[in-house]
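First up is the structure itself, then whatever we jot down about it.
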Amino acid sequence: MEYRRLGASGLHVPALSFGAGTFGGRGELFGAWGDTDAAAARRMVDISLEAGLTMFDTADVYSDGASEEVLGAAIKGRRDQVLISTKASLPTGPGPGQAGSGRARLIGAVEAALRRLGTDYLDLFQLHAFDAGTPVEEVVATLDDLVRAGKIRYVGASNFAGWQLMKSLAAADEHGRTRYVAHQVYYSLIGRDYEWELMPLGQDQGVGAVVWSPLGWGRLTGKIRRGRPLPDGSRLHQTAAAGPHVDDEKLYDVVDVLDDLAAETGKTVPQIALNWLLRRPTVATVIVGARNEEQLRQNLGAIGWELDAEQVARLDKAGATTPPYPYYPYHRLGDFTRLNPPLV
């Protein structure tokens, strides 16, 4: 397993992390994505640790907290071998104190997560959404207090807009508070909006990307191809509307190239899609999920090898999109790299 620094921090994270959203199997507010129990989760953790995958990501809204409970049971007795990443801010109920990033809400959310996970600290705690109703100064002060209390070690955000993340970082800098070092974002071969503003911001400010849904909401699993309908029983039939929109023709163009590269490399379509992401600027770790051992082992096959430059270029071209304003004038004129040095 390859390990990378998480943004401008001293925390080393594995290139692949495990997403525990399928653990638990209960809940209505956010939905239950799977029904992995503690015994099956323990086996997933075993396989992950054998491969060097040491970071496990969850959230208080996954299965109404059951994801954290199951993960806590699965890592019991080996807390020192793992990194735990969890999130809060999304609604966990209808009450006014059950959503957002106010002081009381964040302190309560962290305390509840610690109880469910059976630990006394979190390696990474992320805000699951930006709370426009709470001053950023209050948010960063609360997170800093939790860091100083030893309850969380590093802080991050998830799904922030560029101005929201930059405003939070500026507030932390102004008041000497703990900075965000991670941004959990959607990024894939068929979802590249992250590249236009959030990637340069992350590069400039030392914020590492923790990538969710790297297979484009299940569209890059190798089951979808031009002229071939989704198989019966595919979860995408029920969940497509909840995920990021993807133009069908763009998807097919990307999958065509992935199929060609699979034939050339002997790797699977999802392994190639994951490997491409692992070489992108600012990406610290890519979260992979699995409903069973076979899926997990397949995802682990995305590491330990690299696409060559020509293969990467073909994928880049297939998945390229026209950047939005204010980036497209530079793109159109070919001056973007002159005005904004390439990310490395």
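Taking Cα centre as origin and charging only the Cβ of basic (Lys, Arg, +1) and acidic (Asp, Glu, -1) residues, the dipole magnitude of the range 60-167 rounds to 180 debye. Ordered by solvent-accessible area of protein heavy atoms (1.4 Å probe), largest first, the residues Glu138, Glu264 come out as Glu264, Glu138. Spin-label model, Trp163 to Arg291: label points 7 Å out along the Cα-to-beta-carbon direction sit 4.1 nm apart.
Whole-Hz Karplus values for the range 109-119 come out as 5, 5, 4, 5, 5, 4, 5, 5, 7, x, 9 Hz, taken residue by residue from phi with 6.51 cos²θ - 1.76 cosθ + 1.60 and θ = phi - 60°; glycine and proline positions read x. Panel values: the range 1-147, Kirkwood radius from alpha carbon pairs, Stokes-Einstein at 20 °C and 1.002 mPa s, translational diffusion coefficient 136 µm²/s. The modelled label-to-label distance between Arg5 and Asp193, using points 7 Å beyond Cα along the C-beta direction, is 3.1 nm. Note on the chain: Lys pairs 8 or more places apart or on different chains, Cα atoms under 28 Å apart, count 11. Take the Cα of Ala112, go 7 Å toward its beta carbon, and the backbone nitrogen atoms of the range 62-77 under 13 Å from that spot belong to 62-69. Working note: Debye formula, equal point scatterers on the alpha-carbon atoms of the chain, no solvent; log10 I(q)/I(0) at q = 0.10 Å⁻¹ is -0.60. As a calculated quantity, the FRET efficiency between Lys317 and Gln81 at R0 = 25 Å, using C-beta atoms, amounts to about 0.05.
Three principal axis extents of the range 82-163 based on alpha-carbon atoms, in descending order, are 32, 28, 21 Å. All distinct Cα pairs of the range 42-115 go into the 1/r average, and the inverse of that average, the Kirkwood radius, is 13.2 Å.
The values are calculated or read from the model by the stated rules, or taken from the named source; none is laboratory data. Because the structure is a prediction, the values reported are computed rather than measured. Every residue, glycine as well, gets a Cβ built from its backbone with ideal geometry; the counts of neighbours run over all protein chains shown. Areas reflect the complete protein model, heavy atoms only, side chains present, ligands, DNA and RNA absent. Shrake-Rupley method; radii C 1.70, N 1.55, O 1.52, S 1.80 Å.
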